[in-house]
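Everything on this sheet refers to the single structure shown next.
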Amino acid sequence: MGKRLVFIGAGHAHLTAITNLSRYTGDGHTVTVISAGSYHYYSGMGPGLLSGVYTPQEVRFNVKRLTESRGGEFIEDKAITVDPGKRTIQLKNGKTVDYDVVSFNTGSEIATGPVDASYDNIFKVKPVENMFIARCKIMEALKKGPLNIAVIGGGAAGVEMVNNVWRIAADMKVESKTKITMISRGKLLHRFPPRVRKLAVKSMNAKGIALEEDMPVKENTKEKFLLEDGREIPFDFAFVATGTKPSDLFKESGIPTGDDGGLLVNEYLQSIKYPEIFGGGDCISFKPRPLDKVGVYAVRENPILMENLYAALSGGDFQTFKPQEVYLLILNMGDDTGIFNRKSLTFAGKLAFKIKDRIDRKFMRVFQLSNELDDKVECSNAASMG
Ligand SMILES: Cc1cc2nc3c(=O)[nH]c(=O)nc-3n(C[C@H](O)[C@H](O)[C@H](O)COP(=O)(O)OP(=O)(O)OC[C@H]3O[C@@H](n4cnc5c(N)ncnc54)[C@H](O)[C@@H]3O)c2cc1C
C-alpha cells in the first residue's frame, strides 16, 4: 500500500530527492513538500547577491514548481512541532499533516547572542533573501549621503559580508565616504589556517575596512553597538553573522537532539530513536562525528537521503553517509577575488573567485529546472521574494 512521504524544508539536502519524486510516486507513495517559501536560495552565492554580482533569480530554485511538476504537493508553510508518536506535523497555519516517513532539511538560524536584531536596519545573514533586501536599502541610502555600516561576527560569513557590502559602495564610487567596520568577538577567522586570516586582513585593509578584533558586543540600539571596552560604534545599517544554531523544533517535539539542538541522526541520516524520521543539512547533528554547518555537507547528503527515503518506503538497503574529512572553502572577497583554502593549500586572487563562481553556477544549473531565470526580481518587489 502507498505510504505518505513528507519533506520539511526544501533545503540544499533535499533537492535531489525532490527532483526525483517520481521514484516514490511511481511506487504508489504520495509526496508532500512543506517549506517556508516557494523559493530556496543558495547560500554560497548570498554574498554575491549582496554585492550585485548575482541577481536574485540566479541564486534561487523554484521548489514549489519543482515539486508540483513532478507530481508532489507543495505547502508553503513552516513546521512548528512534530508528534513522533502519532506521526504528525503541526504547521504554523494550524493544519496538521500526517506522515509515514518524514525528512527534515530546515537549516539553521543565526544565533544572535546579545545582539538585538529586531530593527529593520539590522540584517541577519540568514535567510539569504535578506542580502537582496539589504542591498536595495543600502543603495537607496547611499544615494542620499555617507553611511556607517557594521558587521558583527568575524567568521567566514562576516568576512564575506564586509567585503561585499564594500563592493556596493565601490560600484557607486562612494567607498571613501562609507565607513565599514567589522566587529569580531575573537580573532578574525580564528577557525581557519593563519594564512587565510592574513590574506583576509590584507584585503580588508586595502579596502579601508576597520577591524575590531577580540571585542565582544555588549548591547545595541537601532543606531549603535556598545562594545565590551565601553566604546560605541554608530551605524546606519548592520549585519549579524554571529554563527548558526538549528531551530528548537526537535527539542520541543521530544525528538533526540545533539548538543547543538540538531536532530540526532546515525550514519544513514536517520533519527537514532524514530526510524521513520530522516534529516540533512544544518538542522541535523550527525552522531558519528560533529560536522561543521556548511553547505558542502548538505549538498553531499542529497543522494544518500534520496536512496534511504526510498528504502524506508519501499524496502532495500540503507546507504551510509561518509562525510569528507576536509572540504574546500572559497571566500568571496567582493572585488572579484577570493581566498581559496583546502587543507594546506591557500591562495588569494581572481582565480580563486573564478573557481568558486564556476562551482556555484554548476550547482545552480543542476536544480534550476523551472525557468527560474525568467522570474525577475527588482528592488521594487523585493519584499515578496520568499
Ligand atoms: C553568508 C553565508 C555564506 C555561506 N557560504 C557558504 C559557502 O560558500 N559554502 C558552504 O559550504 N557553506 C556556506 N554557508 C553555510 C550554508 O549556508 C549552510 O550550511 C547551508 O545553508 C545549509 O543548508 P540547509 O539546506 O541545511 O539550510 P538552509 O539553506 O537554511 O535551507 C533550509 C530551508 O528550509 C526552510 N525552512 C526552515 N525552517 C522551516 C520550517 N520550520 N518548516 C518548513 N521549512 C523550513 C527554509 O525556508 C529553507 O528553504 C554560508 C552561510 C552564510 C550565512
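Quick notes on this structure:
- Pairing each residue of the range 51-62 that is under 22 Å from residue 163 (Cβ atoms) with any residue that is in a helix (DSSP H, G or I), provided the two are 6+ apart or on different chains, yields C-beta distances under 6 Å for 51/164; 51/167; 54/45; 54/48; 56/132; 59/45; 59/49.
- A single entry from 132, 104, 123 fulfils the requirement of being in contact (Cβ under 8 Å) with a residue 60 or more places away in the chain, within 11 Å of the ligand (Cβ to nearest atom) and under 21 Å from residue 382 (Cα atoms): 123.
- Reported count of residues in the range 211-261, each being loosely packed, with under 15 Cβ neighbours inside 10 Å and not charged (D, E, K, R), is 4.
- Filtered residues of the range 232-256 (kept if under 20 Å from the mean Cα position of the chain (by Cα) and not in a loop (DSSP other than H, G, I, E, B)): 238, 239, 240, 244, 245, 249, 250
- Only listed residue being part of a loop (DSSP other than H, G, I, E, B) and at negative phi, chosen from 187, 202, 218: 187
- Within the range 1-37, tally of residues that are near the ligand (Cβ under 10 Å from one of its atoms) and buried (at least 20 other Cβ atoms within 10 Å of the Cβ): 12
- All positions within the range 116-149 that are among the aromatic types (Phe, Trp, Tyr) and either touching a helix residue (DSSP H, G or I) at 6+ places or on another chain (Cβ under 9 Å) or surrounded by 15 or more Cβ atoms within 10 Å (Cβ to Cβ) (or both): 123, 132
- The test for being part of a loop (DSSP other than H, G, I, E, B), without any contact (Cβ under 8 Å) to a residue 24 or more places away in the chain and not aromatic (Phe, Trp, Tyr) holds for residue 93.
- Test result for residue 229, more than 17 Å from residue 130 (Cβ to Cβ), assigned to a loop (DSSP other than H, G, I, E, B), assigned by TED's automatic domain parsing to the domain that holds residue 134 and out of contact with any Phe, Trp or Tyr (no Cβ under 7 Å at 6 or more places or on another chain): yes
- Looking only at the range 271-309, and only at residues there that are more than 17 Å from residue 254 (Cβ to Cβ) and among the polar types (S, T, N, Q), the one that is surrounded by the fewest Cβ atoms within 10 Å (Cβ to Cβ): 302
- Residues that are within 23 Å of residue 45 (Cβ to Cβ), in contact with a helix residue (DSSP H, G or I) (Cβ under 8 Å, 6 or more places away or on another chain) and not in a helix (DSSP H, G or I) do occur in the range 286-306.
- You will find that of 386, 334, the residue that is part of a loop (DSSP other than H, G, I, E, B), at pLDDT below 95 and under 28 Å from residue 140 (Cα atoms) is 386 and no other.
- Taken over the range 301-338, residues that are in contact (Cβ under 8 Å) with a residue 60 or more places away in the chain, within 23 Å of residue 11 (Cβ to Cβ) and β-branched (Val, Ile, Thr) amount to 0.
- If the condition is being farther than 25 Å from residue 356 by Cβ and either part of a loop (DSSP other than H, G, I, E, B) or away from the ligand (no atom under 12 Å from the Cβ) (or both), then the range 42-80 contributes 65, 67, 68, 69, 70, 71, 72, 73, 77, 78.
- Meets criteria (touching a residue at least 60 places away in the same chain (Cβ under 8 Å) and part of a loop (DSSP other than H, G, I, E, B)) for residue 37: yes
- Of the residues making up the range 200-209, those that are of a type in the set (A, V, I, L, M) and surrounded by fewer than 15 Cβ atoms within 10 Å (Cβ to Cβ) number 1.
- Residue check for residue 104: in contact with a strand residue (DSSP E or B) (Cβ under 7 Å, 6 or more places away or on another chain) and either among the polar types (S, T, N, Q) or farther than 20 Å from residue 243 by Cα (or both): yes
- Residue within the range 155-169 that is more than 16 Å from the ligand (Cβ to nearest atom) and either assigned to a helix (DSSP H, G or I) or among the hydroxyl-bearing types (Ser, Thr, Tyr) (or both) present: yes
The values are calculated or read from the model by the stated rules, or taken from the named source; none is laboratory data. Small disclaimer: the values here were computed from a predicted structure and weren't measured. We place every Cβ from the backbone using ideal geometry, glycine too, and count neighbours over all the protein chains shown.
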